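Accompanying notes for the structure given below.
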Amino acid sequence: AQPPDPMKLRESPSACPPLWRSLPCPPAELRLDLVLSSGQTFRWWESSPGAWTGVLEGRVWTLRQEGDRLWYTVYGEDGDGCPTGVTRTDGAETDQILRDFFQLDVGLSALYRAWGSADPLFRKVADDFPGEVIPRDGHDTPPPASPHRVPPSGVRVLRQDPVECLLSFICTSNNHISRITAMIHRLCQAFGRRLCLLDAQPIHAFPTLSALAGADAEARLRALGFGYRAKFVSGTARAIAEGLGAEGLCQLRAVPYAEAKRVLCTLPGVGAKVGARAVGRGSGGAVAGAEGAAGWQVADCVCLMALDKAEAVPVDTHVWRIAQQRYGTALGGRSLTPRAHQEIGDFFRGLWGPRAGWAQAVLFCADLRKGQELPGSQDRVQEDRGRASHRDGTS
């Protein structure tokens, strides 16, 4: 069959209005620029100023915020960019996919107020959070006399596919966001189904478990630069395929947090041996050899961002230092062990309540963004931030 012609990236609704839809979503409830770039997901990029393109539910999307609306367009396999019978006729389905992905049923502004009332330090971080000037009418440049400054909020936790989230976070050990993103891109190119050509660039779906569980998967991943992670990615894919299955992993959304975390920690890419190596590489002597701590961090990231465990608090060396230095707690002793991880998580759950993981995501994002805005600080941030070198750690 003749391959489809490349499609052009659609930068804004004004370019082709019939191919765009929108949802009500003020910036106080969602900031695409913060949520999609802070290490929760690695499949979205700013394709043009203010426009974010990525893969979700096996489809390619471009998102854009204008005023109090979240606009989106979905690319398909045919030449005009409209998937047969889906995008044009079933907008309710694509609306729901986005609502689910961004968890838009959770009112963020009320949570910020509650966290700020319970925790003056959180309130200060939120108030000092780097804001951005957003055009009132969706123009590229707002009128000088009437800028609209976004309130200090909009950071929320994504609800991701559990398989993609788990295998992506296994790739984050001793790594930083830009490198993780490149690795996931190579992974999808090598093992995933091609979805479309966008501006002559092929876009692929995230690989299936069977594709990553093949006999030659580990060797191919090593050739792609995954190093020791290759064994854990292919091993975890195989363990899930032969055990829980993708459906069983998804069903962990319905079990208690502790049980979901226990099951995740039995997987070869999350267990104690993985954690010991990940923590010990480049994270500093204070945490070297901490059995299982990094595995717990991967498990907590997946619990929080894919399995509906809003109380899960991923603890890296940076969060550990925050607990000790900013909050004055004496938790964790001199090393970040699983026990310290549990104690710090319990501390923040007691402080912030049942959505403690969401509050922690705000502090993580604020600290990451603040570090990026300091001259010469990018390397330091990439060293400091990481789920004990998970999610955004050292290379």
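Observations on the structure shown:
- Cβ-defined net charge surrounding Glu218, 11 Å radius [Lys, Arg +1; Asp, Glu -1]: +4
- Computed FRET value (nearest 0.05) for Tyr228 with Glu57, which takes r as the C-beta separation and R₀ as 45 Å: 0.90
- Annotation for the range 1-61: trypsin sites (Lys or Arg not before Pro) lying in DSSP loop with at most 16 further Cβ atoms inside 10 Å of their Cβ are Lys8.
- For the pair Asp90 and Arg321, label points projected 7 Å from Cα toward Cβ lie 4.8 nm apart.
- The distance linking the range 32-69 with the range 234-254 is 27 Å (Cα centroid to Cα centroid, whole angstrom).
- With a cut-off of 16 Å on the backbone N, the residues of the range 202-237 near the modelled label site 7 Å out from Cys250 along Cα-Cβ are 206-210.
- Surface accessible to a 1.4 Å probe, Asp68 within the full protein complex, Å²: 90
- Compared with the direct C-alpha span, the chain from Ala110 to Thr329 gains 76.1 nm at full extension, assuming 0.36 nm per residue.
- Each label was represented as a point 7 Å from its Cα along the Cα-to-Cβ direction; for Arg69 and Ala118 these points are 3.6 nm apart.
- Within-10-Å neighbourhood charge of Arg99 [Cβ basis; K, R +1; D, E -1]: -2
- Annotation for Lys8 and Arg99: the two label points, set 7 Å from Cα along the Cα-Cβ direction, are 3.3 nm apart.
- Length available on full extension from His185 to Trp45: 0.36 nm per residue minus the Cα-Cα distance, which gives 49.3 nm.
The values are calculated or read from the model by the stated rules, or taken from the named source; none is laboratory data. What you see is a predicted model, and the numbers here were worked out from it, not measured in a lab. Cβ coordinates were reconstructed from backbone atoms using ideal geometry, including for glycine residues, and neighbour counts include every protein chain displayed. The protein model used for the area step is the full one, side chains on, heavy atoms only, and it has no ligands, DNA or RNA in it. Shrake-Rupley method; radii C 1.70, N 1.55, O 1.52, S 1.80 Å.
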